[in-house]
1. Can you find a residue in segment 252-271 that is modelled with pLDDT of 85 or more, buried (at least 17 other Cβ atoms within 10 Å of the Cβ) and more than 20 Å from Val473 (Cα to Cα)?
2. Given the condition touching a residue at least 60 places away in the same chain (Cβ under 8 Å) and part of a helix (DSSP H, G or I), answer yes or no: does some residue in segment 98-111 qualify?
3. On the given criteria, is Gly565 under 34 Å from the mean Cα position of the chain (by Cα), surrounded by 20 or more Cβ atoms within 10 Å (Cβ to Cβ) and at pLDDT 80 or above?
4. Kindly indicate whether any position in segment 515-538 is touching a Gly at 6+ places or on another chain (Cβ under 6 Å), hydrophobic (A, V, I, L, M, F, W, C) and modelled with pLDDT of 80 or more.
5. Return only the number of the condition from (1) of a type in the set (Lys, Arg); (2) buried (at least 24 other Cβ atoms within 10 Å of the Cβ); (3) in a loop (DSSP other than H, G, I, E, B) that Lys201 does not satisfy.
6. If a residue has to be at pLDDT below 75 and either assigned to a loop (DSSP other than H, G, I, E, B) or surrounded by fewer than 18 Cβ atoms within 10 Å (Cβ to Cβ) (or both) to count, how many in segment 590-604 make the cut?
7. All but one of (1) over 25 Å from Gly213 (Cα atoms); (2) modelled with pLDDT under 95; (3) among the β-branched types (Val, Ile, Thr) hold for Ile108, so report the exception by its number.
8. Can you say whether Pro440 is surrounded by 14 or more Cβ atoms within 10 Å (Cβ to Cβ) and of a type outside the set (Gly, Ala, Ser), as far as the supplied structure shows?
Amino acid sequence: MAKCTVAFAALDNAEQAIECLSQLRCEPAPQVAAELRRVLGEPDEWLRYPHRSYALARWAGSEVQRQLAALLRERRVDAPYLLQELELFSLLSDQSVLALGGSRWATIFWAGQEEADPAQALAEDAAYLDFSREILQQAVRRLEAIHAGTQPYVADGAFSLHDTPVIARAVRVAALRDESWLPELLARMLPWSCVAPGTAKTAPSQSLAIALGHAIEGAPTPEGVQALRQALTVVRHAGIQKKLARNLKPAERALLARPAVALRLTGLLKAGKREQGMVASSLEAGFWLRTELDVAAWRNLLQSPAGGPVARALVWRATWDGAGVSVMADAADAVTDGAGAALRLPETARLTLWHPLHVVAAERAAWQALAARQRWHQPLRQIYREFYLAPDDFAGHVLAVRQLLGLARREGWKIEHHAGLARQFGAVRVLFNLSDSIYPGADGYVETRGMQMQLRDGKRWRVCAPDQIDPVVYSEACRAVDLLVSVAGLALQEENAGLPEHLRARHLAHLASLRAGPRVLMRQRALAQALAPLIATGQVIVTERTVQVAGCGISLATGRVTRDGAPVALATQAGGKLAAVPWLPYDEVLLERIAGAVNALLQA
C-alpha cells in the first residue's frame, strides 16, 4: 500500500490521478485522500470538469463530497439533468465512475470516438441504465409540454448546454444495450427537439438535436436511423438540417457493424435495390464480426421483403452439436445442401455466412461449379471471394497519398498519428503502417511497412501474431488492405532499383500526380505490347484489371496471383527488363513481376 501512496504523491494533475485510481486492485491507503484533495485544487476549479471532480471526490473524503455537491447545486441550478447524473455517482461502480470522470467526452461526444466514450462502461451498470430511462422520459415530457403549449416556448431554451450531453449519453447507453423502450422515446424526442411549435424556423434545442444526431451515429439502431430519417423530413432549421444530414449515412454504415441489431431493420425495409444492398452489406460485415443467427432469426430474414432475396442467394454455414454443413434456402425457404439434398435444421443450429476458409478446396470448387451451372448472381462476392493466408502483410508497396486518403475514408479507415491507418474488424484492430505521416489534404506518395494486428488488453491495444486471429477475420482485414493497395498503388518498393534516389523520387511524384485509372491503363498497354505473341495465340488475356493465364488472374495493381479467389504461390525468377515504352515512366519492377508470373504459370 505504501507504493500506492508514493505513486499518488508524484501526481501533477487530475488526469494522472484518475489513471492511477483505475489501476488500483484494492482499497487505497488513507493518505491517498489527502493527495487527491491536493490534486483537486480550489473549489472554484471543481466546476470546470464536474464529472472528474466527482470521481476524485469519491476517494477524497466525505467533506470534499459535501462541499462539491453544495457548490454544484448553487452554481448549476439551470442544469437539473446534470445534477441528477452527478448525484447518481454514489450508486455507480468504481469502473463507471472512473470511466465517466476520466473521459474527455463527458461534456461532448463526436461520432468516431466510440472507444473513449464512457457510455461503453456505463451500459454495463444497472444503476446508470435505470437512470437513462428516467432521464429520457423526463426530457420527452418537457418537449411534449412545450409542443402542447403548457410550457412557454423559447428558442434553444428547452435544455441548458450542461444538460444536453447528459441526455445524449443516456441515449447512447440505451442504444448500446438495444433497450426495447428506447425507440418510442427517441421517435418523439428527436423531431420535437429540432422543430419549433407552429411554423417558426427555430428549434426548442439545437444542442440536443445535434447531440442526438451524433449519438445515433455513434450507437446506431434500426429505429434510431429511422428516427433520424424522419427528423430530416420535418426539420425547418437549416443549420440543424445540415448537421443531421451529415449523421445519416455514417449512421447507416455504422449500423452494419452491429449485424445482429441491423438485421431487425429488414422488417422495416421495402424490397428495393438500395434496401437489399444495405442488407447485403450488413451480412458481409458479419464475416469479421463473426455474427451468428439462430434458426428463428434466420427464417425471419428469409421471410422479410428486403432480406429474403439476399439471404436466398447466399450460402450459409450451419453448425450444431459439433457438426457443420453448408446450406442454401430455395424459393420456398426449404433448406438444401450443395448437392441439392433436403435438410432439416435442428432448432439448436447456429448459422453464419459461408466463407471460403470455412471449407476445404474441393468443397469450394464444388460450390463454384454449381454457381456456374445455375448462373447465380450473388448480392456480394462470396463463392469466388478472395481469401488471404498469413503472412500476407502488404509491405513493400508505394502508394499515392491522395487516392489512399479518399478510399480509406470511404472504407472506414482512420488516420493513426505517426503510424498510418487504423480500422477495427470486430474485436481486432488493424494498423496499416506507412513510411510517413499522412493527413487530410496531403499529396505525394508513401511506402507501406506492413500490417499489424492488435487485440484489446484492458484500456490499451496489444500487438498479436496473425495466428492469434481468427483466419476469416485475418483474411477480411487483408482483403481490405489489398483494396487500398490496388487502388492507390504506384509501384513496388525496390532496394536495388538502379536509379539514383532523386530520380526515383521524381518518378514516384509524377506517378502520384496521375489518377489511378491512367496508371493501370499504362500498365495494361505495356503488358499488351510485351505479351502480344501470347495474346495472339489465346494463351494470355489482358483485361482492365488483371492478366488471365492458365485459369489464374494476376492483379495489374499488385501482382498478386489468385485462382477462383484462392492465393497461388509461384516461384518466379527475375528475367530481363521489359522493353521501355513511352507511356510507362517508372513502374518496370512490377511489370517484371507480372511477366515472371505469366511465365511461371505457362511453364506449370
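1. Taking segment 252-271 and keeping what is modelled with pLDDT of 85 or more, we get none.
Among the residues of segment 252-271, not one is modelled with pLDDT of 85 or more, buried (at least 17 other Cβ atoms within 10 Å of the Cβ) and more than 20 Å from Val473 (Cα to Cα), which makes the answer no.
2. yes
3. Details: under 34 Å from the mean Cα position of the chain (by Cα): yes; surrounded by 20 or more Cβ atoms within 10 Å (Cβ to Cβ): no; at pLDDT 80 or above: yes.
So Gly565 fails the test.
4. Step one: list which residues in segment 515-538 are touching a Gly at 6+ places or on another chain (Cβ under 6 Å), which gives none.
Within segment 515-538 (the criterion being touching a Gly at 6+ places or on another chain (Cβ under 6 Å), hydrophobic (A, V, I, L, M, F, W, C) and modelled with pLDDT of 80 or more), the answer is no, since none of the residues qualifies.
5. For Lys201, the exception is condition (2).
6. Count: 1.
7. Exception for Ile108: condition (1).
8. Details: surrounded by 14 or more Cβ atoms within 10 Å (Cβ to Cβ): no; of a type outside the set (Gly, Ala, Ser): yes.
So Pro440 does not fit the description; no.
The values are calculated or read from the model by the stated rules, or taken from the named source; none is laboratory data. As the structure is a computational prediction, the values presented were derived from the model and not from experiment. Positions of Cβ are backbone-derived with ideal geometry, glycine not excepted, and every protein chain shown enters the neighbour counts.
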